[in-house]
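Engineer: One structure, as structure tokens, below. Some questions next.
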Amino acid sequence: MPDSKMDETKKKKKKTAECCGYPISIFFIVVNEFCERFSYYGMRAVLVLYFRYFLLWDDDLATSIYHAFVALCYLTPILGAIIADSWLGKFKTIIYLSIVYAVGQVVMAVSTIHDITDANRDGTPDNFTLHIALSMLGLVLIALGTGGIKPCVAAFGGDQFQEHQSRQLNTFFSVFYLCINAGSLLSTLITPVLRAQECGIHTQQQCYPLAFGVPAALMVVSLVVFIAGSGMYTKTAPEGNIMGSVCKCIWFALNNRFRHRSDIYPKREHWMDWAEEKYDKLLIAQIKMVLKVLFLYIPLPMFWTLFDQKGSRWTLQATTMTGDFGGFVLQPDQMQTVNPILILTLVPIMDRIIFPLIKKCGLNFSPLKRMTVGMLFAATAFIAAALVQMEIDKTLPNFPSSSESQLKVVNMHSESLIVTVPSQEPLLIGSFESSPDYITFDQQDIRLAFNTTPEINKDLSLIKGSRQTLIIPSEPAEMYLKEDIKSKPKEGKNAVRFVNGWTAYLNITNLESSLQPSETSNYTLVSQGMRKFTLTDGIQSCEFSRKFGFGSSYTFLIPSDLFSTDCESIKEIEDMQPNSVHMALQIPQYFLITTGEVMFSVTGLQFSYSQAPKNMKSVLQAGWLCTNAVGNIIVLIVAELGKLPKQWAEYVLFASLLVAVSIIFSIMAYFYTYIDPAEIEAEILKQQETDPDKKKKKETLEMEEKENEQEIKQTKI
Ligand SMILES: CC(C)[C@H](NC(=O)[C@H](C)N)C(=O)O
């Protein structure tokens, strides 16, 4: 860094106003972070639902685009860091990219207003292409904004502290993390409630504009708060195209090393020292610092690979559990809020009690050791998840394997039937009853015999890997097969269907279309709690209510005396039991992963700041965030594509991988020596002042640059 600039920074630092030992300016930064994270997590909380139920994408497309967006949000920090460290400085970068971010959120909110294209006023958009284009544009702008400012805000916060405030600096990173999680917690709770409201100009629909609009407003607030603190910040000036110089310097070192590969040349301590002929010692030292830390980051994505499965695998696991806590009911995706709640309690406990206690015991719990222990905690969380999965597996129905077929028989006939099934005892099925459970067959082609007069023999061709029900209507000869669900219903919901034994068509609430006599409806999904169905044939009607748990499936048999019994004679067949393992069993795994997160992530954030040279603080923050992006991409590729047959085995595999990675990381950490970049930089600057070679090197560099420019000009001519 040029001496004049360094003096300038020092002078500015002296002026910062303090409160309780902290620079006042950090107040604006942490509030800004809180609002920004509210905006980000709030929007994320309803994004998949928007894709699924507004844009009407299927599950696979919705989740793929969602994960791709999250990965992009953690890749763009590199761009933000380059802009900040090389061109605009952190302050301006945060302002400009926050504007991009806020615009993105507004575009996203506009894309969710169905009325803008709903010319026929039927409640659904007429021009999906416009909504898709707007939302994709919004998401790209958001990813650019959120990712771009992320490395700058943390590093900019760190820049506000002076040398004597190192204790406060560490506390700042913890408070910063608390704000992230407070924002995340509140928005994850609030935005789904906003979405559930109804709004619209011509027709009332789920209120996505409000669910996306509030995060957009919070982003504007975040920007205003940040600008409000303008007069108080310590702003370090960017030092030209630092990334360009770094790349050129590394390229030169590699080239020079290759040119001097013969043994006749004396070895140098580090391969970067081969840039000494041309580049400043300070720049070389700074690059060495950054490369050392980036090398150490190589194993870290594995932590995020496990961490990010909270939102996917663990939420899916929760859908196979029950969330009835007596006084309140927790939905499977709400279980994720346990993470920020625990962060809000664990960070102060760790900071105020655990870490000081460890220090008092004389143990050196260095940052890299903390991170290793954090990884081990995350691995144990996955072992806990595997144990919970084993408990769940005991309660899950016996679903058919890919080579098997399963069959159930439902008798809607007015008399009992004896059904002869291959390699089974004959089944006696009462009128309006079903066979006790699914019968599993290794073969697909089977023949059933019924004791009707005349006897019926039926050849069935079952579907491999499927569950089917054979419905025998009042006229047994018209029996037919209906395909059943073969996995737990999504999101902890309950799958219900009706078989119409009434003599006329029926309209039933929640069903897509009316049900003809003897027909079986498709499944409809209903949430947990008391649900009411109204059945009507256009003349008479009655109501049927039932309380549902989580993850069950029922076939309701409608009898011929439906209206005379006021719907009470409807018979239920339980195709799939409701979930019985309680979601509270997931708390230990959430506790373990969050403890791991506090040790790993909060420490990593501090470490990335403290070990970075002054002019590359944002770059190293971006490198740290990139480990998160890579982790997300691994989840996408490995976890989504390469499923193991048993879910618990997959959890154990991930836990083992993380243990292996943490061992490698601890070995790498053992050889890492902590540095004080400011001290090293000052030392080199001092040495250079007395170094006669320095001037010469600078002159050579300037001459080469001029020659390059001339060459470019000539080529243009
Ligand atoms: C991605 C980071 C780990 C961080 N997330 C959290 O703190 C979660 C909410 N516990 C973030 O910066 O969003």
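Engineer: Dipole size in debye (nearest 20) for region 446-568 around its Cα centre, Lys and Arg Cβ +1, Asp and Glu Cβ -1?
Structural biologist: Charge dipole, region 446-568, about its Cα centre: 800 debye, nearest 20.
Engineer: Here's another thing I want to ask about it. Per the helix-only calculation at 222 nm, which mean residue ellipticity applies to the chain, given -39500 (n - 2.57) for every DSSP H run of n ≥ 4 and division by its residues, nearest 500 deg cm²/dmol?
Structural biologist: Result for the chain: -17000 deg cm²/dmol, rounded to the nearest 500.
Engineer: Roughly how tilted is helix 617-634, in degrees to the nearest 10 and between 0 and 90, from the longest Cα axis of the chain?
Structural biologist: 30 degrees
Engineer: Could you work out how far helix 25-49 tilts from the main Cα principal axis of the chain, as a 0 to 90 degree angle to the nearest 10?
Structural biologist: 30 degrees
Engineer: Here's a follow-up. Based on the Cα gyration tensor of region 366-433, what are the three equivalent ellipsoid semi-axes, each the root of five times an eigenvalue, rounded to whole Å and given largest first?
Structural biologist: Semi-axes from the Cα gyration tensor: 53, 13, 8 Å.
Engineer: I would also like to ask the following. Rounding to the nearest 20 debye, state how big the charge dipole of region 16-240 is about its Cα centre with +1 on each Lys and Arg Cβ and -1 on each Asp and Glu Cβ.
Structural biologist: Magnitude of the dipole: close to 380 debye.
Engineer: Kirkwood hydrodynamic radius for region 164-243: how many Å is it when counted over pairs of different Cα atoms?
Structural biologist: About 16.3 Å, per the Kirkwood formula over Cα pairs.
Engineer: Another question, then. State, as an integer percentage, the relative contact order of region 405-576 based on alpha-carbon contacts under 8 Å between residues 6 or more apart.
Structural biologist: Dividing the mean separation by the residue count of region 405-576 yields 18 percent.
Engineer: Here is a follow-up. Assuming a ≥ b ≥ c are the square roots of the Cα gyration tensor eigenvalues, decide whether region 405-576 counts as rounded (a/c under 1.5), prolate (otherwise, with a/b larger than b/c) or oblate.
Structural biologist: Because a/c hits 1.5 or more and a/b fails to exceed b/c, region 405-576 counts as oblate.
Engineer: Further question on the same structure: Please list, short to long, the whole-number percent of alpha-carbon pairs of region 273-362 in consecutive 10 angstrom bins beginning at zero.
Structural biologist: Here the calculated profile for region 273-362 is 12, 20, 24, 21, 14, 6, 3, 0.
Engineer: How tilted is helix 677-689 with respect to the longest principal axis of the chain? Cα atoms for both, answer in degrees (0 to 90, nearest 10).
Structural biologist: Long axis of 677-689 versus the principal axis of the chain: about 30 degrees.
Engineer: Continuing with the same structure: How much of the DSSP bridge set in the chain is antiparallel, in percent, rounded to the nearest 5?
Structural biologist: Rounded to the nearest five, the antiparallel share is 80 percent.
Engineer: What is the percent carbon and sulfur in the accessible area of region 405-576, measuring with a 1.4 Å probe over the protein chains and ignoring ligands?
Structural biologist: Here it works out to 45 percent.
Engineer: For Tyr208, Tyr96, what's the largest-to-smallest order of accessible area, 1.4 Å probe?
Structural biologist: Tyr96, Tyr208
Engineer: Would you mind giving the average projected area, over all directions, of the Cα convex hull of region 16-240 in nm² with one decimal?
Structural biologist: Convex hull of Cα atoms, orientation-averaged projection: 12.7 nm².
Engineer: Then there's this: What order do Thr63, Thr236 take when sorted by accessible area (1.4 Å probe), most exposed first?
Structural biologist: The residues order as Thr63, Thr236, largest area first.
Engineer: Go through Glu33, Glu269 and list them by solvent-accessible area, largest first, probe radius 1.4 Å.
Structural biologist: Glu269, Glu33
Engineer: State in Å² the accessible area per residue of region 405-576; use a 1.4 Å probe, count heavy atoms of protein chains only, and round to the nearest integer.
Structural biologist: 46 Å²
Engineer: Right, another one. Return the whole-Å distance between the Cα centroid of region 439-496 and the Cα centroid of region 248-323.
Structural biologist: 59 Å
Engineer: Looking only at Cβ-Cβ distances, which cysteines of the chain have no other cysteine closer than 4.7 Å?
Structural biologist: Lone cysteines by the Cβ rule: Cys19, Cys20, Cys35, Cys73, Cys152, Cys179, Cys247, Cys249, Cys361, Cys626.
Engineer: What whole-number value in cubic angstrom gives the convex hull volume per residue for the C-alpha atoms of the chain?
Structural biologist: It is 230 Å³ per residue.
Engineer: Using a Förster radius of 56 Å, what is the FRET efficiency between Glu475 and Ile99 based on their Cβ-Cβ separation? Nearest 0.05, please.
Structural biologist: 0.20
Engineer: Taking only Cα atoms of region 211-293, what ratio of Rg to Rh do you get with Rh as the Kirkwood inverse-distance radius?
Structural biologist: 1.32
Engineer: Below 8 Å between Cα atoms, with a sequence gap of 6+, how large is the relative contact order for region 85-159 in percent?
Structural biologist: 45 percent
The values are calculated or read from the model by the stated rules, or taken from the named source; none is laboratory data. Here the structure is a predicted model, which means the values were calculated and not measured. Glycine gets a Cβ as well: all are built from the backbone with ideal geometry, and neighbour counts include every protein chain shown. Calculation scope for accessible area: heavy atoms of the full protein, side chains included, ligands and nucleic acids excluded. Shrake-Rupley method; radii C 1.70, N 1.55, O 1.52, S 1.80 Å.
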